Amino acid sequence: MELGSAVIIERHLRRATPEDTARLRQLLQGGRYVHRHLDWRTPIDWLGHQPFWLLLNGERVDAALACPPDPPGVAWVRLFACSEWERPAEAWHALFPKVWETLPHQNVLAAIALRPWFAHLLERERFTLYQHVVTLWRSLNDPPFEDGNVERVGVMIRPMVIEDLEAVASIDASAFEWLWRNSAADVYRSWQQAAYASVALVADQIVGFQFSTLSPTNAHLARLAVHPSWQRRGVGQALLNDVIHHFRSFRVAQLTVNTQQDNQASLALYQKAGFRLTGEDYLVYLYAN
């Protein structure tokens, strides 16, 4: 049977494996609907991790859905992609039952909608809105800032080294709510991939850290955290000012950051530092079984 110029040979489902790398690359390059999670790993990197299912027409991958948990207990929709031959809702209905039945049930399934089509799909498929993630930006032509209302402590900032990662992972686990924590493996990937990573020390104790990335148009503060016992004492301000100094020295034009709309402490820090909301936000959904 023919559908346009596409011949339906044998539609079937199976788990993805590393041997599917070339097929998956072809889907990602030519797919009409592609959702990639904001991640330190690419969709290809998740091959070999489950649940990761494919919808195939013969040997051609027409759709893919990947939701491997990391850290344990939280499974994000890492990838959902459809070729031009598949409708997103039909592909989701084919793939999602397999993903859900192979996902350990102690896991929460979450998704961040970066495009309206994906938000509409999630809402139709019984996902419930959990949070808004907002984007802020700041010109790096403006000087760093000082907040005279915070308690001042003797903070030293230095570049992060591999020996710091255990302490950094511990701070990450204590500073972020359960949904947004990074595993130790992703902390390591963050350090490897960051354009600039630094730690804040008080009396030789690591009390905070940041990871930043760099694109052709701007720097992006990907992660900033301070241990709860050291928050509101100028540590976050010191880390942020160091990032501003660092990228100003390379003549980067602007710095962006994302945070949750209901994270008042984070929003206050960034807005005092001269960041402004861009009006671009993303919706975070949880699956309501």
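Condition check: out of contact with any Asp or Glu (no Cβ under 6 Å at 6 or more places or on another chain), under 23 Å from E177 (Cα atoms) and touching a residue at least 60 places away in the same chain (Cβ under 8 Å). Does V284 satisfy that?
Numbers: out of contact with any Asp or Glu (no Cβ under 6 Å at 6 or more places or on another chain): yes; under 23 Å from E177 (Cα atoms): yes; touching a residue at least 60 places away in the same chain (Cβ under 8 Å): yes.
Spelling it out, V284 is indeed out of contact with any Asp or Glu (no Cβ under 6 Å at 6 or more places or on another chain), under 23 Å from E177 (Cα atoms) and touching a residue at least 60 places away in the same chain (Cβ under 8 Å).
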Worksheet entry | Selection status of L277, aliphatic (A, V, I, L, M) and not assigned by TED's automatic domain parsing to the domain that holds S139 | no
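Every residue, every condition in (1) over 28 Å from A195 (Cα atoms); (2) outside the structural domain of V207 (by TED's automatic domain parsing); (3) among the polar types (S, T, N, Q), yes or no:
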position: W76; (1), (2), (3): no, yes, no
position: Q106; (1), (2), (3): yes, yes, yes
position: A111; (1), (2), (3): no, yes, no
position: F145; (1), (2), (3): no, no, no
position: M156; (1), (2), (3): no, no, no
position: A167; (1), (2), (3): no, no, no
position: D172; (1), (2), (3): no, no, no
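Could you list, in sequence order, the residues of the stretch 232-257 that are surrounded by 17 or more Cβ atoms within 10 Å (Cβ to Cβ) and either among the hydroxyl-bearing types (S, T, Y) or under 29 Å from A110 (Cβ atoms) (or both)?
From the stretch 232-257, those surrounded by 17 or more Cβ atoms within 10 Å (Cβ to Cβ) are 233-244, 246-248, 252, 255-257; that's our starting set.
V235, G236, L239, L240, V243, L255, T256, V257 - these are the residues of the stretch 232-257 that are surrounded by 17 or more Cβ atoms within 10 Å (Cβ to Cβ) and either among the hydroxyl-bearing types (S, T, Y) or under 29 Å from A110 (Cβ atoms) (or both).
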Practice prompt. Could you tell me whether the stretch 132-143 includes any residue that is among the charged types (D, E, K, R), within 30 Å of R251 (Cα to Cα) and modelled with pLDDT under 95?
Written response: yes
Worksheet item: Can you tell me which residues in the stretch 195-209 are within 12 Å of V161 (Cα to Cα) and in contact with a Ser or Thr (Cβ under 6 Å, 6 or more places away or on another chain)?
Response: Y196
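Can you name the residue in the stretch 194-210 that is under 16 Å from H227 (Cβ atoms) and among the small types (G, A, S) and is also surrounded by the most Cβ atoms within 10 Å (Cβ to Cβ) among such residues?
The qualifying residue surrounded by the most Cβ atoms within 10 Å (Cβ to Cβ) is A200.
Does E86 satisfy the criteria of being over 19 Å from the mean Cα position of the chain (by Cα) and either surrounded by fewer than 20 Cβ atoms within 10 Å (Cβ to Cβ) or within 30 Å of R223 (Cα to Cα) (or both)? Let's see the steps before the verdict.
Values: over 19 Å from the mean Cα position of the chain (by Cα): yes; either surrounded by fewer than 20 Cβ atoms within 10 Å (Cβ to Cβ) or within 30 Å of R223 (Cα to Cα) (or both): no.
Considered against the rule, which asks whether it is over 19 Å from the mean Cα position of the chain (by Cα) and either surrounded by fewer than 20 Cβ atoms within 10 Å (Cβ to Cβ) or within 30 Å of R223 (Cα to Cα) (or both), E86 comes out as no.
Restricting to the stretch 81-97, what's the tally of residues that are assigned to a helix (DSSP H, G or I) and under 24 Å from W180 (Cα atoms)? So that I can check it myself, show each step before the final result.
Our first condition is that a residue be assigned to a helix (DSSP H, G or I); within the stretch 81-97, this holds for 88-97.
The next check asks that each one be under 24 Å from W180 (Cα atoms); those that pass are 96.
Number of matching residues: 1.
Collect the residues in the stretch 164-193 that are acidic (D, E) and either buried (at least 16 other Cβ atoms within 10 Å of the Cβ) or modelled with pLDDT under 95 (or both), keeping them in residue-number order. Outline the logic, then answer.
Narrowing the stretch 164-193 to residues acidic (D, E): 164, 166, 172, 177, 186.
Across the stretch 164-193, the qualifying residues are D164, D172, E177, D186.
Among the residues of the stretch 275-289 satisfying the criterion of being outside any strand (DSSP E or B) and modelled with pLDDT under 95, which is surrounded by the fewest Cβ atoms within 10 Å (Cβ to Cβ)?
Let us first name the residues in the stretch 275-289 that are outside any strand (DSSP E or B), namely 275, 288-289.
Retained after the next criterion (residues that are modelled with pLDDT under 95): 288-289.
Numbers: A288: 9, N289: 7.
Restricting to residues being outside any strand (DSSP E or B) and modelled with pLDDT under 95, the top hit is N289.
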Worksheet item: Can you tell which of W53, W92, W76 is over 17 Å from F118 (Cα atoms) and in contact (Cβ under 8 Å) with a residue 12 or more places away in the chain?
Response: W53
Item to complete: Could you tell me whether any residue of the stretch 108-122 is more than 22 Å from R14 (Cα to Cα), surrounded by fewer than 19 Cβ atoms within 10 Å (Cβ to Cβ) and of a type in the set (D, E, K, R)?
Response: yes
Worksheet item: Among strands (runs of 3 or more DSSP E) lying entirely in the stretch 98-192, which contain 2 or more residues that are under 18 Å from the mean Cα position of the chain (by Cα) and farther than 19 Å from L221 by Cβ?
Response: 108-113, 127-139
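The values are calculated or read from the model by the stated rules, or taken from the named source; none is laboratory data. No experiment lies behind these values; they were computed from the predicted model shown. Positions of Cβ are generated from backbone atoms using ideal geometry, with glycine treated the same way; all protein chains shown enter the neighbour counts.
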